[in-house]
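Okay, structure first, notes after.
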Amino acid sequence: MTTTLITGANKGLGYETARRLVSAGHTVYIGSRDADRGRRAGEELGARTVLIDVTDDDSVAAAVKVVEADGGLDVLINNAGIEARTADGGVVGAGEETAESMRRLFETNVFGVVRVTHAFLPLLRRSAAPVVVNVSSSLGSLARVTAPDSPAHAYPGLAYPASKATVNMITVQYAKAFPAMRINAVEPGYTATDLNRRTGTQTVEQGAEIIVRMAQVGPDGPTGGYFDAEGPLPW
Ligand SMILES: NC(=O)c1ccc[n+]([C@@H]2O[C@H](COP(=O)([O-])OP(=O)(O)OC[C@H]3O[C@@H](n4cnc5c(N)ncnc54)[C@H](OP(=O)(O)O)[C@@H]3O)[C@@H](O)[C@H]2O)c1
């Protein structure tokens, strides 16, 4: 039996990933920072739930204890993420971004990934086939963001693309440090979720595809890579 934890799985891409991995036979933990939202999602999907706020050391440590007591972890999906939006829903542009609000975003999107991964490393090391999936974005691709013909080129924000470029680097460095694990970054594609006020052009079923696939790679699968549903992406 494969045991999988997905952070931020009470809705959006994390929820759809949980649904698919439950169907694939994984024992899934819905990670949620809100107990009620997590419990509801767990009941709907037939999954376990664990309270986890990726910005809070104590919350993450408590989640490790819960998962460890139930038998350990094979697959960690670092999915929880936020985007910098103005009060009226627009993307916070480079000219408006401040160190303080960028730090808040990094606390979730970047330090959250490190906090959770670091805390679960001892459990992952005990797994026979450990896997980590970091949910990145094509907005973290320097190649895409600098290519005038790419949709990513038009994105005006600063903090979110910087956070996902950092997630990509974190992925590569963890993958080199832990060659026995399969550790990859994935780009779901522009998907209609609360993150982007449902402006995304894909469904969550389409967006979750690469997350689900990379969660199921075997020991001979790729590691240290960056993929969308079509294949490898340029860094
Ligand atoms: N949607 C897209 O087009 C798109 C494209 C590329 C990449 N992504 C990435 O995909 C991932 C999932 O995003 P989504 O589109 O599914 O967004 P979403 O529907 O807004 O879901 C985000 C999830 O993250 C959780 N979360 C936020 N802060 C958290 C924290 N501090 N601790 C624990 N959980 C927290 C949210 O919980 P609450 O319900 O409590 O807020 C929610 O469950 C993100 O990493 C995002 O950057 C999305």
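Here, each number is a calculation from the coordinates, and none is a lab measurement. Since we're looking at a predicted model, the values are computed, not measured. A quick note on method: Cβ atoms are made from the backbone with ideal geometry, for glycine too, and the neighbour counts reach across all protein chains shown.
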Return the long-range amide H neighbours of residue 191 (sequence gap of 5 or more, or a different chain), with a cut-off of under 5 Å between placed amide H atoms.
201, 202
Long-range amide H partners of residue 50, meaning residues 5 or more apart or on another chain whose placed amide H is closer than 5 Å, are 30, 31, 32
With Cα atoms, 0 to 90° folded angle of helix 204-215 axis to the chain main axis:
50
Would you mind counting up the charge near residue 139? Only other residues with Cβ under 11 Å from its Cβ, with Lys and Arg at +1 and Asp and Glu at -1.
0
For region 169-174, 3J(HN,Hα) per residue [Karplus equation, 6.51 cos²θ - 1.76 cosθ + 1.60, θ = phi - 60°, Hz, x = Gly/Pro]
5, 4, 4, 4, 6, 5
Sorted by average packing, counted as other Cβ atoms within 10 angstrom per residue and highest first, what order do 75-84, 171-180, 116-125 take?
75-84, 116-125, 171-180
What length, rounded to one decimal in nm, is gained on full extension from residue 39 through to residue 194, with 0.36 nm per residue of separation minus their alpha-carbon distance?
53.9 nm
Nearest-ten-degree value, helix 99-109 long axis tilted from longest Cα axis of the chain:
40
Once you place label points 7 Å from the Cα toward the Cβ at residue 235 and residue 70, how far apart are they in nm?
3.6
Put a dot 7 Å past each Cα toward the Cβ at residue 173 and residue 126; how far apart are the dots in nm?
2.7
Sequence-distant or interchain residues sharing an amide H contact under 5 Å with residue 228, placed H: which?
187, 233
Tell me, what is the FRET efficiency for residue 101 and residue 146 to the nearest 0.05, using R0 = 25 angstrom and their Cβ-Cβ distance as r?
0.55
Just to check I understand the Karplus step: with θ = phi - 60° and J = 6.51 cos²θ - 1.76 cosθ + 1.60, what whole-Hz values come out for region 69-78, glycine and proline as x?
5, 8, x, x, 9, 10, 10, 10, 10, 7
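Rank-order 157-169, 92-104 by packing density, defined as the average count of other C-beta atoms within 10 Å over each peptide's residues, highest first.
157-169, 92-104
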In whole Hz, the Karplus estimates of ³J(HN,Hα) for region 45-50 (6.51, -1.76, 1.60; θ = phi - 60°; x where Gly or Pro) are 9, x, 10, 7, 10, 9
